[in-house]
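Taking it in order: structure first as structure tokens, then the write-up.
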Amino acid sequence: MKSVDKFRSQLENFDGKSIPEEQISLLKKYVDDPEFKSETMATKSAAAASLCNWVINIFEFNRIYVKVKPLMESVETAKASKDAAMARLEDAQRKVDEIEFQLKMLNKEFDEANDEKCKAEQEAEELTSRKNLAKRLIDGLASENVRWGEEVKKLTSNKKTVVGDCILAAGFVSYVGAFDKELREELWKNQWTADLKSRGISISDGSDPMDVL
């Protein structure tokens, strides 16, 4: 052999994974031959024994690889599926976090609105107390009876809508000062008015926060 190093390099770099099945079939009859063993070849030549051992090992490696390769591919496919599923899970979790944050903000806004409602109801109770005081004054001032009677009728008429009107006015004073006229009107005329009605809170027809204030 002219170049031992080159031949050894070819053996070391030989791709045992992709041996054609036609060559495997030809090689099998030698590998299955009882005489084709490194021990037998060693009686003839040490180099032949090593080469025989290499052929047998590369043959067995190929047969094992051919069986294992589908399993390896299945593992890779499963890993890719898992990675895709994890990506979808992370995306879903991110959406859940966003929704939970939005819910937290909505709850905060609801609590603030409820506080405003309680405040308005307290103001309404104070107005009712004033009405009762007015009635007592009317009873004590007969000469003013007619005028005070009309005032009582007016307060009674406004009783059903005073809470809603006060909530609208309170929201107007508390929140819309930083916005321009168009956005202020969008908030109290459309959004807040509709929200109060949807909650069963009555307001005066054409109620205007500026008039209430």
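Does L141 satisfy the condition of being at pLDDT below 80 and either open to solvent by 70 Å² or more (accessible area, probe 1.4 Å) or within 29 Å of the chain's Cα centre (by Cα) (or both)? It is true that L141 is at pLDDT below 80 and either open to solvent by 70 Å² or more (accessible area, probe 1.4 Å) or within 29 Å of the chain's Cα centre (by Cα) (or both). Here N13, N62, N107, N57 are screened, and the one residue that is within 30 Å of F172 (Cβ to Cβ) and either at pLDDT 85 or above or not hydrophobic (A, V, I, L, M, F, W, C) (or both) is N107. Note on the range 47-62: residues that are surrounded by 14 or more Cβ atoms within 10 Å (Cβ to Cβ) and under 53 Å from the mean Cα position of the chain (by Cα) total 2. Would you check which residues across the range 63-90 are over 33 Å from the mean Cα position of the chain (by Cα) and either surrounded by 10 or more Cβ atoms within 10 Å (Cβ to Cβ) or basic (K, R) (or both) and list them? Within the range 63-90, R63, I64, Y65, V66, K67, V68, K69, M72 meet the criteria. Restricting attention to the range 187-206, report how many residues are farther than 19 Å from E121 by Cα and open to solvent by 70 Å² or more (accessible area, probe 1.4 Å). Matching residues across the range 187-206 total 5.
How many of the residues making up the range 91-120 are open to solvent by less than 70 Å² (accessible area, probe 1.4 Å) and either touching a residue at least 40 places away in the same chain (Cβ under 8 Å) or within 20 Å of S202 (Cβ to Cβ) (or both)? Qualifying residue count for the region: 6. Here the condition is being under 30 Å from G16 (Cβ atoms) and in contact with a Phe, Trp or Tyr (Cβ under 6 Å, 6 or more places away or on another chain); of F36, F61, it holds for F36 alone. Scanning the range 19-35 for residues that are of a type in the set (S, T, Y) and closer than 17 Å to W54 by Cβ yields a single hit, Y30.
Residues that are open to solvent by 90 Å² or more (accessible area, probe 1.4 Å), polar (S, T, N, Q) and not in a loop (DSSP other than H, G, I, E, B) within the range 7-46 comprise Q10, Q23, listed in sequence order.
The values are calculated or read from the model by the stated rules, or taken from the named source; none is laboratory data. Computed from a prediction, not measured in an experiment: that's the story for all the values here. Every residue, glycine as well, gets a Cβ built from its backbone with ideal geometry; the counts of neighbours run over all protein chains shown. Quick note on the areas: whole protein, heavy atoms, side chains included, nothing else; ligands and nucleic acids left out. Shrake-Rupley method; radii C 1.70, N 1.55, O 1.52, S 1.80 Å.
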